[in-house]
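The values are calculated or read from the model by the stated rules, or taken from the named source; none is laboratory data. Computed from a predicted model, the values in this text were never measured in an experiment. Glycine also receives a Cβ, built like all others from the backbone with ideal geometry; neighbour counts cover every protein chain displayed. Surface accessibility is based on the protein's heavy atoms, side chains included, excluding ligands, DNA and RNA. Shrake-Rupley method; radii C 1.70, N 1.55, O 1.52, S 1.80 Å.
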Amino acid sequence: MPDDLHRSYQDAHTAHRKHARTCTTCTDNSRCPTGQRLFEAFVRLQDAYLNRQRQ
């Protein structure tokens, strides 16, 4: 059975990468509001997944 948290984390990573490839404002060090929101969602979900794996 697929892990929903892992799937959410991977989907957030994909959304962030897709946005970063097409956004002319985002860089590695600076993000537009949409890019920042997507990046923060990815980081939050990744942290939650990795913290659960450590337990």
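Remarks
- Taking the longest Cα principal axis of the chain as reference, the axis of helix 33-54 is set at about 20 degrees.
- The angle between the Cα long axis of helix 4-22 and the main principal axis of the chain comes to about 10°, on a 0 to 90 degree scale.
- Note on the chain: with charges restricted to the Cβ of Lys and Arg (+1) and Asp and Glu (-1), its dipole about the Cα centre is near 100 debye.
- Per residue value of the accessible surface for the chain (all protein chains in place, 1.4 Å probe), Å²: 78 Å²
- Accessible area of the chain belonging to carbon and sulfur atoms, whole % at 1.4 Å probe: 48 percent
- Taking each DSSP H run with n ≥ 4 as -39500 (n - 2.57) and averaging over every residue of the chain yields -26000 deg cm²/dmol at 222 nm.
- Cβ-defined net charge surrounding Arg17, 13 Å radius [Lys, Arg +1; Asp, Glu -1]: +1
- Length gained on full extension, Gln10 to Val43: 10.8 nm, using 0.36 nm per residue less the C-alpha separation.
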